[in-house]
Amino acid sequence: FTENIFEGEPLNAPSDVSDEIRIIWEAWAILTKDHVDRAKLDPKIMSEAAIRGMLRALGDPHTNYIPPEAFAIDSNDIFQGEFDGIGAHVSMNRNGVLIIVAPIQGSPAEKAGIRPGDQILAVDGMSLEGYTVLQAVSLIRGPKGSSVKLLVKHLGAIDPIEIEIIRGTIPLVSVLVRSLPEDPIAHLRITNFHDNTSGELTSALDEAISNGAQGLILDVRDNPGGTLKSVIDISSKFLDKDMLIAFQIDASEKRTNWNVRSEGKYSELPMVVLCNSYSASASEVLIGALQDNRRATIIGDVSFGKGSVNMLRPLSNGGGMFVTTSRWFTPLGHMIQGLGIEPDIKITATDPTEADILQLERAVQEIERLIDQKASNSKVIRI
């Protein structure tokens, strides 16, 4: 039964409560005054629920509340040296489901069968429904040698399966050489954009060129991104001085341009870039820069579409918020967020392994064409 629906007048909020949040204060005051279970109300739980409700209304999967118990996880430690865990990069999709962007090569996650696109539904029997990214990460990560059970739904599968993983120490090597020393084409894979990735790439590419490599296949498939500094440094190696790499626009419509920092060391080297639907964030900045500046042919699948800039802000309760503060755009103004980047040559397949092979084969064909084209253009005709 409902009684006295219109009893009383609206409560008067204190003068220092702004008009925008006055109804939140009023709702809390009414609950603590009139609700039958008011003695059981937990201010911490109610406050966090209010924050999550506001963030859900944004529809932005990259703006998240971080409770105090998860805030201790350093969001940047994965760009420095090594860490303990299962070895995978994750993101939250629009439906609030934790998605594997990419397992780290050679990691416990990869060895256990974790794949790009997997949905992580539960950890040790605990559902992740309603969890933020860092809350989920705090459950999944742990010391080397300990185990964790994940309820995983593989991409395209009907039913989820449980996978047990023994955690390990994950070294962060970000450049892998996929070609032989004597190959005329260098195939280098960037797995992440760490602070030391630019140096690793330079060393590997210089060695390949000294051994006779005439072209480059740069592979950023399954690369979840990394630091801004790293992608700017790497992009600058392949573009001419002062070229635009990307720009970002913030909440006040302020535009910030990111340009090539110095003359590109490899700006004349024939190259193609391999990408797929799990090439994200910094990978997409690199792809967009090389594509829009007509520097490289992009081959593969449409990229992930993670083009937002996020800042970690602390809150007074010991928790924090990841807040989207701006969005990335390619040099020609294409928004990355939610859209991704279309490759110049699109090659996909239902089977990921088959897609990898077909994309690489096409990349080899294209780089051979570019090498021949460069040789033809450089011929001198004597008369």
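Those strands (runs of 3 or more DSSP E) of region 109-210 in which at least 2 residues are out of contact with any Phe, Trp or Tyr (no Cβ under 8 Å at 6 or more places or on another chain) and open to solvent by less than 20 Å² (accessible area, probe 1.4 Å), considering only elements entirely within it, cover 119-123, 147-153, 161-166, 185-190.
Taken together, the residues in region 238-293 that are polar (S, T, N, Q) and out of contact with any Phe, Trp or Tyr (no Cβ under 7 Å at 6 or more places or on another chain) amount to 8. ASP19 meets the conditions (1) farther than 27 Å from GLU129 by Cβ; (2) open to solvent by less than 100 Å² (accessible area, probe 1.4 Å) in every case but one. The failed one is (2). Of all the criteria given as (1) assigned to a strand (DSSP E or B); (2) open to solvent by 20 Å² or more (accessible area, probe 1.4 Å), the one not satisfied by LEU218 is (2). For region 39-75, filtered to residues that are closer than 19 Å to SER308 by Cβ, among the small types (Gly, Ala, Ser) and not in a helix (DSSP H, G or I), the residue that is modelled with the highest pLDDT is GLY59. Is it true that THR325 is within 30 Å of LYS44 (Cβ to Cβ) and open to solvent by 10 Å² or more (accessible area, probe 1.4 Å)? Answer is yes for this residue. Within region 208-243, the set of residues being acidic (Asp, Glu) and free of Cβ contacts under 8 Å to residues at least 24 places away in the same chain comprises ASP242 only. Restrict the check to region 28-38 and report whether at least one residue is surrounded by 11 or more Cβ atoms within 10 Å (Cβ to Cβ), touching a Lys or Arg at 6+ places or on another chain (Cβ under 7 Å) and outside any loop (DSSP other than H, G, I, E, B). Yes - at least one qualifying residue is present in region 28-38.
On inspection, ASP344 passes the criterion of being within 21 Å of ILE185 (Cα to Cα) and out of contact with any His (no Cβ under 7 Å at 6 or more places or on another chain). Within region 256-278, being more than 17 Å from GLY226 (Cα to Cα), of a type in the set (S, T, N, Q) and in contact with a strand residue (DSSP E or B) (Cβ under 8 Å, 6 or more places away or on another chain) holds for THR256, ASN257, ASN259.
If you go through region 32-62 one residue at a time, how many are of a type in the set (Lys, Arg) and under 14 Å from TYR131 (Cα atoms)?
So in region 32-62, the residues of a type in the set (Lys, Arg) come out as 33, 38, 40, 44, 52, 56.
Now narrow it down to the ones that are under 14 Å from TYR131 (Cα atoms): 52, 56.
Looking only at that region, the number is 2.
Would you call ILE99 open to solvent by less than 60 Å² (accessible area, probe 1.4 Å), in a strand (DSSP E or B), among the β-branched types (Val, Ile, Thr) and at pLDDT 85 or above? Yes, satisfied.
Note on region 221-241: residues that are part of a loop (DSSP other than H, G, I, E, B) and among the aliphatic types (A, V, I, L, M) amount to 1.
Exactly one residue out of SER281, SER316 is closer than 19 Å to VAL231 by Cα and open to solvent by 20 Å² or more (accessible area, probe 1.4 Å): that is SER281. None of ILE299, ILE341 is assigned to a strand (DSSP E or B) and modelled with pLDDT of 95 or more except ILE299. Restricting GLU361, GLU354 to those that are modelled with pLDDT of 95 or more and either assigned to a helix (DSSP H, G or I) or not aromatic (Phe, Trp, Tyr) (or both) reduces the list to GLU361.
Within region 244-290, the set of residues being in contact with a Leu (Cβ under 8 Å, 6 or more places away or on another chain), part of a strand (DSSP E or B) and in contact (Cβ under 8 Å) with a residue 24 or more places away in the chain comprises ILE245, TRP258, MET271, VAL272, VAL273, LEU274. Residues of region 206-222 that are among the aliphatic types (A, V, I, L, M) and out of contact with any strand residue (DSSP E or B) (no Cβ under 6 Å at 6 or more places or on another chain): ILE209 alone.
Step by step: first the residues of region 346-359, then only those that are closer than 12 Å to ILE299 by Cβ and within 23 Å of the chain's Cα centre (by Cα), then the one that is most open to solvent (accessible area, probe 1.4 Å). Which residue is that? Residue satisfying both the conditions and the ranking: LYS346. Which of the numbered conditions does GLY305 fail, given that it passes all the others? Conditions: (1) in contact (Cβ under 8 Å) with a residue 60 or more places away in the chain; (2) open to solvent by less than 20 Å² (accessible area, probe 1.4 Å); (3) more than 17 Å from SER235 (Cβ to Cβ). Of (1) in contact (Cβ under 8 Å) with a residue 60 or more places away in the chain; (2) open to solvent by less than 20 Å² (accessible area, probe 1.4 Å); (3) more than 17 Å from SER235 (Cβ to Cβ), only one is false for GLY305: (1).
The values are calculated or read from the model by the stated rules, or taken from the named source; none is laboratory data. Treat the numbers as computed from the prediction; the structure is a model and nothing was measured. Don't worry about glycine lacking a Cβ; one is built from the backbone with ideal geometry, like all the others, and counts go over all protein chains shown. Each accessible area value is taken on the protein alone, full model and side chains, heavy atoms only, with ligands, DNA and RNA left out. Shrake-Rupley method; radii C 1.70, N 1.55, O 1.52, S 1.80 Å.
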